[in-house]
């Protein structure tokens, strides 16, 4: 796990977060976390082949279908661990600087491959919980 200073740097430098596995159901963790991030100034890019849109944003079936002009700063993965490798591969293909695996999600080989390419990796941690715990400003600098 990165240090608090490293986590803070990753979250404060990000502006656009692709949320892979984002559900359109408000009771789901992915929805609550994405809504929190959106309320704190982050642009959310939903990635889920089953829904057309969520939280007022168009959803994409996978990272490869997100338009190239959308610069993704962080990929937040809400998928089971066995589904992580293709998501990490797609993030690497796009040149995304940070891959974040949510609580309970870990994949040593995918994490190692990303780190070998210079990508920051966080495993088994919640972006919302870390943002709150570290008392970080909203994306763009406002508190």
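Rule-based calculations on the coordinates, nothing more; no lab input. All values reported here derive from a predicted model rather than from experimental measurement. Don't worry about glycine lacking a Cβ; one is built from the backbone with ideal geometry, like all the others, and counts go over all protein chains shown.
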I'd like to compare 37-45, 14-22: which one has the highest average count of other Cβ atoms within 10 Å, and what's the full order after that? 14-22, 37-45
The chain, Gaussian network, Cα under 10 Å: of 115, 58, 68, the residue fluctuating most is 68
With 10 angstrom as the radius, rank 1, 101, 128 by how many other C-beta atoms surround their C-beta, starting from the fewest. 1, 128, 101
Sort out for me the Cα centre separation of the stretch 1-45 from the stretch 67-143, rounded to whole Å. 9
Theoretical gain in end-to-end length, residue 82 to residue 103 [0.36 nm per residue, Cα-Cα removed]: 6.2 nm
